[in-house]
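Before any comments, here is the structure.
The values are calculated or read from the model by the stated rules, or taken from the named source; none is laboratory data. Computed from a predicted structure; not experimentally measured. Quick reminder, even Gly has a Cβ in these numbers, built from the backbone with ideal geometry, and neighbours come from all protein chains shown. Each accessible area value is taken on the protein alone, full model and side chains, heavy atoms only, with ligands, DNA and RNA left out. Shrake-Rupley method; radii C 1.70, N 1.55, O 1.52, S 1.80 Å.
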Amino acid sequence: MIGGVAISLAVLLVLGSGMAHAVWNMLAKSSGNKQLFLFIIYIPTTLMLLPGFMIEIVTANPPMSGYLLLVLSVFIQGGYAYFLSKSLTYGDLSQVYPMMRGISTFLLPFFGVILLNERLSVWGWLGLGLIAIGFFLSSGIFTRKQRFHAAHRVLFYTAAVGFCTMAYVMVDKVNLQHFSPTLLLEISNIGFMLGLAPFIRFGEIRWVSEIKKHGKWLAVGAILSPGSYLLFLFAMSMSPLIYIAPLREIGTVFGTLLGVLLLKEGQGGLRMASAGIIFIGILLVGMLGI
């Protein structure tokens, strides 16, 4: 009974995580300077978690592999932050968001089959196929109308975001054996900010204008961005990853809706269909793939 309650709670947490993730991506997309916006929203939580992080990192007694994975997580998060800022700068939210979320789910079982001799069920292969179909539909690669096509750099940045997402989820899932969710959140925050820091001009008046212009949205983003991943970390600590990771991708549909309805991006019908196909594929891989 306790196990069932824990899984139910984990499902609720992960659904909230997916929704929150889509919302803060929309806020970043609607901002002027994407990298500055993303950097600023991570400052409050990073400062708040720093004392507890320092205490735990000193008192914890994990194996050396745990510390190495923390360093790896910093690098992965740095790459994730950079590619995300570029993807949101050059691509529409309703186009790139479902693609970047679908890619991470596609890559994990795909490389497991190719490199680790793992097996997928028929449903799993069908799910991978649907994710690929949804990706290509959203990218517009096979359409004749040029206005439907995503630029090559957008596809590259989006694929890189998906790869980084897959990588940091795997690393953090392993490291939950050694560290608390809040410590891993702080590590991800630090890595995220370090990935953006080389592209931020500190001390400029642009900071003041950004805060004045987007102050309330920066405050919302400062809560939702780290909060979305913290919810996911707690969910991972309660339930096997295979049950909850696919459900987080409800954000693919929600993020597309936000882009089409609130940001007034075009091709709403095609992009909603693409996001729905990707989401169904993710559910098949996550729940019936083995």
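Observations
- Residue list for region 243-262, filter: open to solvent by 50 Å² or more (accessible area, probe 1.4 Å) and modelled with pLDDT of 70 or more: PHE254, LEU257, LEU261, LEU262
- Residue that is modelled with the lowest pLDDT [pool: residues in region 225-242 that are more than 13 Å from the chain's Cα centre (by Cα) and open to solvent by 50 Å² or more (accessible area, probe 1.4 Å)]: ILE242
- When each of PHE83, PHE39, PHE75, PHE53 is tested for being over 30 Å from GLU265 (Cα atoms), open to solvent by less than 50 Å² (accessible area, probe 1.4 Å) and at pLDDT 90 or above, the lone residue that passes is PHE53.
- Residue check, VAL169 at pLDDT below 85 and in contact with a helix residue (DSSP H, G or I) (Cβ under 8 Å, 6 or more places away or on another chain): yes
- Condition check for LEU9: touching a residue at least 12 places away in the same chain (Cβ under 8 Å), farther than 29 Å from LEU262 by Cβ, within 21 Å of the chain's Cα centre (by Cα) and surrounded by fewer than 21 Cβ atoms within 10 Å (Cβ to Cβ): yes
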